Amino acid sequence: MSQRGTLYLVAGPSGAGKDTLLGEARKRLSGTHVFPRRIVTRAPGDNTEDHAATTAEAFAKACARGEFAFSWSAHGLSYAIPASIWKDLDEGRHVVINVARAIAASARQSVTPSRIILVTARREILARRLAGRERETADDIAKRLDRAVDLAPDTLVENEGSLDTAVSRFLAALQG
């Protein structure tokens, strides 16, 4: 039997660049790491992130059937990670998932080995990135930025400078 894989929990505020870093890591680490798509109760065709869209009804049924390893609600949507990650971890593959900061600590406690990678940036950078998406009002952005979650990460990746620097730091965290 192979050694169990590590679960990497990638968390951080909206606008920190998690999806960009995950996309780069997926290109470079696909031989050793698995990057499952989140299931989100978003309308089909919403390309704001790489996800599998579903309805609230289908989400609830899948949850009741035990099809999710983790699930949570945020921003009026429901999110989940498929239960297929358990097999990947048991077979020695490292699994990298994008999770809400609010569930990262409890997820880390429930899976061994696991590590939290917190991706962040200064408030003004986050505000500029969120405004550039043109999905929310200024009030909505301010509320999103005011949400604070006490999280003790294993690795902190500040995504404020060049993309190459942030990608290098992120890749190092996923290989450490």
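Backbone geometry of region 86-95 corresponds, through the Karplus equation with coefficients 6.51, -1.76 and 1.60 at θ = phi - 60°, to 3J(HN,Hα) couplings of 4, 5, 4, 5, 4, 8, x, 7, 7, 10 Hz, x marking Gly and Pro. Computed on the chain, the Cα convex hull volume stands at 117 Å³ per residue.
Taking the DSSP bridge list for the chain and keeping only pairs wholly inside it, about 30 percent are antiparallel. Count Lys and Arg as plus one, Asp and Glu as minus one, and take only other residues whose Cβ is under 10 Å from that of residue 117; the net charge is then +2. Projected onto the charge dipole of region 98-176 (+1 at Lys/Arg Cβ, -1 at Asp/Glu Cβ, origin at the Cα centre), which of 106, 175, 165 gives the Cα projection farthest towards the positive end? Ranked along the dipole, the leading option is 106. Its relative contact order, with pairs defined as Cα atoms under 8 Å and 6+ residues apart, puts the chain at 33 percent. With the simple spin-label model, which puts each label point 7 Å out from Cα in the Cβ direction, the residue 63 to residue 50 separation comes to 2.6 nm.
For region 55-123, the set of GluC sites (Glu not before Pro) satisfying both a DSSP loop assignment and a count of at most 14 other C-beta atoms within 10 Å is given as 91. Note that region 8-24 has calculated 3J(HN,Hα) couplings of 9, 9, 9, 9, x, x, 4, x, 6, x, 4, 4, 5, 5, 4, x, 5 Hz, one per residue in order, obtained from phi through the Karplus relation 6.51 cos²θ - 1.76 cosθ + 1.60 (θ = phi - 60°); glycine and proline are x.
Scoring 69-75, 113-119, 58-64 by mean Cβ neighbours within 10 Å over their residues and listing the highest first yields 113-119, 69-75, 58-64. Surface calculation, 1.4 Å probe, protein heavy atoms: residue 32 sits at approximately 80 Å² accessible. Solvent-accessible surface of the chain, averaged per residue with a 1.4 angstrom probe and all protein chains in place: 53 square angstrom.
For region 84-176, the fraction of alpha-carbon pairs lying more than 15 Å apart is 69 percent, rounded to a whole number. The accessible surface of the chain, taken with every protein chain in place and a 1.4 Å probe, is 49 percent carbon and sulfur. The simple spin-label model puts a point 7 Å past each Cα toward its Cβ; for residue 154 and residue 123 those points are separated by 3.1 nm. When +1 charges are put on Lys and Arg Cβ atoms and -1 charges on Asp and Glu Cβ atoms, the dipole computed for the chain relative to its Cα centre reaches about 200 debye.
Close Lys pairs in region 18-169 (alpha-carbon distance under 25 Å; sequence gap of 8 or more, or different chains): 5. In the chain, helices alone account for a calculated mean residue ellipticity at 222 nm of -11500 deg cm²/dmol, with every DSSP H run of four or more residues adding -39,500 (n - 2.57).
The values are calculated or read from the model by the stated rules, or taken from the named source; none is laboratory data. Fair warning: this is a prediction, and the values are worked out from it, not measured in the lab. Every residue, glycine among them, receives a Cβ derived from its backbone with ideal geometry; neighbour counts consider all protein chains shown. Just so you know, the surface numbers come from the protein's heavy atoms only, side chains and all, with ligands and any DNA or RNA stripped out. Shrake-Rupley method; radii C 1.70, N 1.55, O 1.52, S 1.80 Å.
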